[in-house]
Structure formats: C-alpha cells, structure tokens
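Note sheet for the following structure.
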Amino acid sequence: QVQLVESGGGLVQPGGSLRVSCTASGRFFRFYNMHWYRQATGKQRELVAAITSGGNTNYTDSVKGRFTISRDNAKNTVDLQMNSLKPEDTAVYYCNAVRGLWHFWGQGTQVTVSS
C-alpha cells in the first residue's frame with residue numbers, strides 16, 4: 001500500500017510559475033513509475049507528465065517545454081515544476097504511482113491560473 005499526499009497548489013497569474021509536490025509513504029517508492037494527472041472542471045482526467053523508476057520522462061504536448069517532472073527517491077517525492085502557466089492549466093492535479101497491476105492516487109491539489 002502506498003499513500004500519496006500532494007501539496008503546493010494555489011492561485012497564480014498567467015505566465016507565472018508553481019511547483020506541486022507529491023510525497024509517498026513506503027519503502028519501495030524507487031520501484032514505482034510516477035505520474036502527474038490533471039482534471040479540469042467538466043473534463044476528463046488527463047496524463048500531464050510521467051517519470052519512470054529509471055528516471056525517463058514524458059510529457060503531454062500541451063506542457064512540453066513548460067513543465068518539468070522530477071523525483072527524489074531518497075525523499076520519496078515527485079515534483080512537477082510548472083512555468084509559463086496558462087489559464088487552461090487550471091485543474092486539480094493528481095499524483096499517481098504505478099507498479100505492475102498496482103495503482104495508487106493522491107487526493108489532488110488545486111491549481112488555478114487567473115489574473
């Protein structure tokens with residue numbers, strides 16, 4: 001069992017930056033592939049960024065060049081650095097951990113981009 005707790009969401013102006021973090025419980029964090037998803041009001045949840053247990057990263061096209069996912073296996077954390085934020089980035093951001101058939105989700109953190 002893995003518990004995921006997100007933090008760092010908030011209100012930011014367009015063009016600004018925000019960093020959201022996810023802290024995982026357990027001793028085997030380093031074996032999990034980690035993801036950040038987001039869900040805007042009235043829309044389906046979408047995959048934003050992924051980082052494998054080996055450190056390989058991938059991003060959805062709309063955030064490439066603006067968002068960076070990283071992990072610290074010593075601290076059991078995965079972060080999403082978001083730059084040049086746009087109003088369309090407004091959503092609840094969820095942390096997700098996957099290992100084989102096991103999937104775990106955090107409770108989400110709200111990111112609002114508005115002037």
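Listed here are the residues, each with its yes/no results for (1) of a type in the set (S, T, N, Q); (2) under 13 Å from CYS22 (Cβ atoms).
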{"residue": "TYR37", "(1), (2)": "no, yes"}
{"residue": "VAL48", "(1), (2)": "no, yes"}
{"residue": "ASN58", "(1), (2)": "yes, no"}
{"residue": "SER84", "(1), (2)": "yes, no"}
{"residue": "ASP89", "(1), (2)": "no, no"}
{"residue": "TRP102", "(1), (2)": "no, no"}
{"residue": "GLY106", "(1), (2)": "no, yes"}
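Return yes or no: is VAL98 hydrophobic (A, V, I, L, M, F, W, C), under 12 Å from the mean Cα position of the chain (by Cα) and modelled with pLDDT of 95 or more? In short, no. Note on segment 81-96: among residues that are open to solvent by less than 40 Å² (accessible area, probe 1.4 Å) and touching a helix residue (DSSP H, G or I) at 6+ places or on another chain (Cβ under 9 Å), the one that is nearest to THR41 (Cα to Cα) is ASP89. If you check SER70 against the conditions, is it open to solvent by 30 Å² or more (accessible area, probe 1.4 Å), in contact (Cβ under 8 Å) with a residue 12 or more places away in the chain and either β-branched (Val, Ile, Thr) or not in a loop (DSSP other than H, G, I, E, B) (or both)? Against the criterion (open to solvent by 30 Å² or more (accessible area, probe 1.4 Å), in contact (Cβ under 8 Å) with a residue 12 or more places away in the chain and either β-branched (Val, Ile, Thr) or not in a loop (DSSP other than H, G, I, E, B) (or both)), SER70 qualifies.
Among residues of segment 40-67 being farther than 27 Å from PHE28 by Cα and open to solvent by 40 Å² or more (accessible area, probe 1.4 Å), the one that is farthest from the chain's Cα centre (by Cα) is GLY42. Here ARG99 meets each of (1) farther than 15 Å from VAL113 by Cα; (2) touching a residue at least 60 places away in the same chain (Cβ under 8 Å); (3) of a type outside the set (S, T, N, Q); (4) open to solvent by less than 60 Å² (accessible area, probe 1.4 Å) with one exception, condition (4).
Candidates in segment 7-23 are the residues that are open to solvent by 60 Å² or more (accessible area, probe 1.4 Å) and in a loop (DSSP other than H, G, I, E, B); of these, the one that is nearest to MET82 (Cα to Cα) is SER17.
The values are calculated or read from the model by the stated rules, or taken from the named source; none is laboratory data. Keep in mind the model is a prediction, meaning the values are calculated, not measured. Methodologically, a virtual Cβ is constructed for each residue, glycine included, from the backbone with ideal geometry; neighbour enumeration extends over all protein chains shown. Ligands, DNA and RNA are excluded from the accessible area calculation, which covers all protein heavy atoms including side chains. Shrake-Rupley method; radii C 1.70, N 1.55, O 1.52, S 1.80 Å.
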